[in-house]
Amino acid sequence: MRAQLPHLCDRAAPVPAKAGIGVKPAHYRELLADRPGLAFIEVHTENYMGEGGPPHAYLEALAELYPLSFHGVGMSLGGAEALDRDHLRRWRALVDRYRPALISEHVAWSRFGDLMLHDLLPIPYTRQSLGVVRNHIDAMQTALGRTILVENPSTYISFRASEIDEPDFLVEVARRSGCGLLLDINNVYVSAHNHGFDPREWLNRIPGDLVGEIHLAGHSVIRDGDFTIRVDDHGSHVCPEVWELYGETIARIGPKPTLIEWDTDVPELAVLLEEAHRADTIAEQGDLRHAAVA
């Protein structure tokens, strides 16, 4: 069993380099009653953009117990248009209200004009798109008054126009904008299988000093004859291969705040806590390997 937290959260303190979970409404009451010893909790920011009601009542109570990570899914950092000012305003109001320890978004696009597609769509990795993403990160960081992390997406198509490898693109975006990286290892594994590249080689090109958080999740496999695609649906346990990549990554870059994502077919809280405990165990082993070579 995970230990209970002995005292209230200091929101000004950095997030421990241990495991947290994504919070779902089904688990609000159990988390508040049992107070399991998690390093942090993460929520999708767009779910809390209303003015009040039960979501805010529960989140305010949880914010007294755990550091918060705000994870956005609708900023459209990779879109061709300027960022939505109203969306930025709502983001800023939430940041001011809760003072989250971590803030993140995706290197993807989801909006065109007044149309919101409610998906994280891929972008071509070109010099032009690098400038667009950099400028949008600058705009988001300026509006929030905070440094953000940007996440590598899972992808199912690639673009002939791409002229920069994805890990190099992400590193260059971070270097130019001053943001950090949210390294989603499951996304790397999913994309590697869908596009035929080596996930280890991809991960080894990401400098550890840029990584502010790691995501782990499950995915599904769809087969139709000889055709196979992996889908990042966050609906199952982390697979053994992703756990192995996680241990190797920690051995290379050291421990980082690590989130267990589970967004579909959400299980009982105990299952998420078991996954978080496994992440902590693997990270401790990887940290010993990291210290031995440091």
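The values are calculated or read from the model by the stated rules, or taken from the named source; none is laboratory data. Since we're looking at a predicted model, the values are computed, not measured. Here the Cβ is made from the backbone with ideal geometry for all residues, glycine too, and neighbour counts use every protein chain on show.
Being crowded, with 20+ Cβ neighbours inside 10 Å and under 17 Å from the mean Cα position of the chain (by Cα) is a property that holds for residue 170. Scanning the range 16-53 for residues that are within 14 Å of residue 101 (Cβ to Cβ) and of a type in the set (Ser, Thr, Tyr) yields a single hit, 45. Residue check: residue 258 meets all listed conditions (1) polar (S, T, N, Q); (2) surrounded by fewer than 18 Cβ atoms within 10 Å (Cβ to Cβ); (3) touching a residue at least 40 places away in the same chain (Cβ under 8 Å) but one, namely (2). Tally the residues that are in a loop (DSSP other than H, G, I, E, B) and under 17 Å from residue 275 (Cα atoms), restricting the search to the range 17-54. Summing the residues that are in a loop (DSSP other than H, G, I, E, B) and under 17 Å from residue 275 (Cα atoms) in the range 17-54 gives 9. Checking each residue in the range 105-144 for being among the acidic types (Asp, Glu) and assigned to a loop (DSSP other than H, G, I, E, B) picks out only 114.
Here 114, 96 are screened, and the one residue that is among the acidic types (Asp, Glu) and under 26 Å from residue 155 (Cα atoms) is 114.
When you check residue 164 against the structure, is it surrounded by fewer than 19 Cβ atoms within 10 Å (Cβ to Cβ), touching a residue at least 24 places away in the same chain (Cβ under 8 Å) and hydrophobic (A, V, I, L, M, F, W, C), yes or no? So residue 164 passes the test. The single residue among 205, 230, 200 that is crowded, with 17+ Cβ neighbours inside 10 Å, among the basic types (Lys, Arg) and touching a residue at least 24 places away in the same chain (Cβ under 8 Å) turns out to be 230.
This table checks each residue for (1) closer than 25 Å to residue 132 by Cα; (2) buried (at least 17 other Cβ atoms within 10 Å of the Cβ).
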| site | (1), (2) |
| --- | --- |
| 52 | no, no |
| 57 | no, no |
| 67 | no, yes |
| 87 | yes, yes |
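Highlighted here are the helices (runs of 4 or more DSSP H) found entirely within the range 151-247 that include at least 2 residues which are over 25 Å from residue 131 (Cα atoms): 185-195, 199-203. Whenever a residue of the range 45-74 is at pLDDT below 95, its partners that are small (Gly, Ala, Ser) and assigned to a helix (DSSP H, G or I), lying with C-beta atoms within less than 9 angstrom and at least six residues away or across chains, give the pairs 49/93.
The residue of the range 254-294 that is modelled with the lowest pLDDT, among those that are part of a helix (DSSP H, G or I) and closer than 17 Å to residue 189 by Cβ, is 286. The residue pairs whose first member lies in the range 177-195 and is buried (at least 24 other Cβ atoms within 10 Å of the Cβ), whose second member is part of a helix (DSSP H, G or I) and of a type in the set (S, T, N, Q), and whose beta carbons are closer than 9 Å, counting only pairs six or more residues apart or on different chains, are 179/141; 183/249; 185/249. If you filter the range 75-115 down to residues that are at pLDDT below 95 and aromatic (Phe, Trp, Tyr), you find that the one that is nearest to the chain's Cα centre (by Cα) is 109. For the range 61-74, the set of residues classified as more than 19 Å from the chain's Cα centre (by Cα) and under 20 Å from residue 18 (Cβ atoms) consists of 62, 64, 65, listed by residue number. Number of residues in the range 139-157 that are free of Cβ contacts under 8 Å to residues at least 40 places away in the same chain and surrounded by 15 or more Cβ atoms within 10 Å (Cβ to Cβ): the value is 1.
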